[in-house]
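The values are calculated or read from the model by the stated rules, or taken from the named source; none is laboratory data. What you see is a predicted model, and the numbers here were worked out from it, not measured in a lab. Glycine gets a Cβ as well: all are built from the backbone with ideal geometry, and neighbour counts include every protein chain shown.
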Amino acid sequence: MTQPGLLRLLHIGIAAICWVVFVVKAADLVRRPRHPGLRSLVVICLGLSVALTVGIPPVYAAFDRLTDVPNAAKLIQHLATLTAAGAISVMLVGPDIARARDRDRDRPGARARGRGRARARRRIVLGCGAATAMTVLFALAPVDVSEPILFADRYSTAAFIPQYMLVFVAMTTLACVDIALSTWRYGRHTASGALRLSVRLVSAAALFGIAYCLYKALYVAGRLLGHTPADGENAVSTPLALTAVILGATGLALPKLGAAAETARKRLACLRAYRRLRPLWSDLHAAMPEIALHRPRTREPLAILDIEYRLYRRVIEINDGLLALDIAAHHEPGPRAAAAAASAVAHALRTRDGRALEAADQPPERSLDDEVRWLVMVADAYRPGRLRTTTPTNRSAGT
């Protein structure tokens, strides 16, 4: 496949990802409509999605036919790009970021919020003015033939287009400089981890955006001076733009992806512990079915859906069984203590006479995580296998 074909596929793939992220963020905004950061993220994702989508040549041509305005898609693409970059800039220079940054510097939060709001308002007014100027200049320009791929090569020297490009490049550069400076400063006050990586990726995206704007400006200047690059404007500007979008979108999505990955990691750890406790729990439940609280809500293969609750129940039920067998929990658990407890459980179950569960001394207070680790050690040391018993049982319950 040729390089343009690969770039086209990459372009379409990034546009699809941006629409998916937009839908996710919009759904979050419906649930939390007063969250200012989410509002900015929705605008950013929408701007990037629209800019990338109308830049796909078949979509570009179809949009021009639909509006009956040649190259209207190019104006929408540039305005959407300006909107996305401006929204990131406003989010980063706005009151929330300013308050967080100045709080770290021991400055009054109200004054920081005021400065942030003033900066954000200036960026919004400036952006609206630039969008209006671009629309007027584009309407005056003689761009009468739709050109989805080589627009800059064909029209960069046409009347009003250099001025149009100057406004677009200047505003996009300003937004990217805002983003680069704000993320760099904010990143120094951010704890290590996914959030810091996210900030650095957005900063790198801003640098690629600045490179894209500088190349655009140099290309138009070169064309006005009579120099025409052999490869055309898209050969450099498109990879720069796509790289900036990939880095920026990844950076914006990384905190949520990191949180989702951490949740998945914890659930898998809970599932492993839940399954390792099963042999011990099964023999305790076979001997004392009354330790089971109630029937689980889903079948065993679907345990991952409510694994935290299931694991919590299993810990309680095992502890109830150990208490009924009068097996004390060690204050300083370890492998030797776990082996001793496992042996005591096996012996108590073999010699048990069918008595109902009785009250016993409570185990020492430990966190759920510590209790899970202790019982997993006991379960790993417990090896007699599932016991058969003639004690009447109620097999409808179980975890």
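Of everything in the stretch 54-81 that is more than 33 Å from the chain's Cα centre (by Cα) and in a loop (DSSP other than H, G, I, E, B), the residue that is surrounded by the most Cβ atoms within 10 Å (Cβ to Cβ) is ASN71. Considering each residue of the stretch 263-272 in turn, none proves to be surrounded by fewer than 18 Cβ atoms within 10 Å (Cβ to Cβ) and outside any helix (DSSP H, G or I). Sub-9 Å Cβ pairs linking a first residue in the stretch 119-138 that is assigned by TED's automatic domain parsing to the domain that holds THR83 to a second residue that is surrounded by fewer than 20 Cβ atoms within 10 Å (Cβ to Cβ) and among the aromatic types (Phe, Trp, Tyr), at least 6 apart or interchain, are VAL136/PHE160; LEU137/PHE160; PHE138/PHE160, ordered by first then second residue.
Of all the criteria given as (1) within 30 Å of VAL372 (Cβ to Cβ); (2) surrounded by 17 or more Cβ atoms within 10 Å (Cβ to Cβ), the one not satisfied by LEU174 is (1). Taking residues in the stretch 157-184 that are touching a residue at least 12 places away in the same chain (Cβ under 8 Å), and partners anywhere that are among the polar types (S, T, N, Q) and crowded, with 20+ Cβ neighbours inside 10 Å, the pairs with Cβ atoms closer than 6 Å and at least 6 places apart or on different chains are ALA175/SER89; ASP178/SER89; ILE179/SER89; ALA180/SER203; THR183/SER203; TRP184/SER203. If you check LEU195 against the conditions, is it surrounded by 14 or more Cβ atoms within 10 Å (Cβ to Cβ), without any contact (Cβ under 8 Å) to a residue 60 or more places away in the chain and within 28 Å of the chain's Cα centre (by Cα)? No, not satisfied. Only one entry in ARG200, ARG154 is in contact (Cβ under 8 Å) with a residue 40 or more places away in the chain, of a type in the set (Lys, Arg) and either outside the structural domain of ALA73 (by TED's automatic domain parsing) or part of a helix (DSSP H, G or I) (or both), namely ARG200. Exactly one of these conditions fails for GLU308: (1) modelled with pLDDT of 85 or more; (2) over 38 Å from the mean Cα position of the chain (by Cα); (3) surrounded by fewer than 16 Cβ atoms within 10 Å (Cβ to Cβ). Give me its number. Of (1) modelled with pLDDT of 85 or more; (2) over 38 Å from the mean Cα position of the chain (by Cα); (3) surrounded by fewer than 16 Cβ atoms within 10 Å (Cβ to Cβ), only one is false for GLU308: (2). From the list ASP64, ASP28, the one residue that fits, being at pLDDT 90 or above and not small (Gly, Ala, Ser), is ASP64.
Does at least one position in the stretch 388-399 carry a residue that is surrounded by 15 or more Cβ atoms within 10 Å (Cβ to Cβ), in contact with a Leu (Cβ under 9 Å, 6 or more places away or on another chain) and either assigned to a helix (DSSP H, G or I) or at pLDDT 80 or above (or both)? Scanning the stretch 388-399, I find no residue that is surrounded by 15 or more Cβ atoms within 10 Å (Cβ to Cβ), in contact with a Leu (Cβ under 9 Å, 6 or more places away or on another chain) and either assigned to a helix (DSSP H, G or I) or at pLDDT 80 or above (or both), so the answer is no.
Of the residues making up the stretch 198-238, those that are of a type in the set (A, V, I, L, M) and either under 19 Å from GLY86 (Cβ atoms) or under 25 Å from the mean Cα position of the chain (by Cα) (or both) are VAL199, LEU201, VAL202, ALA204, ALA205, ALA206, LEU207, ILE210, ALA211, LEU214, ALA217.
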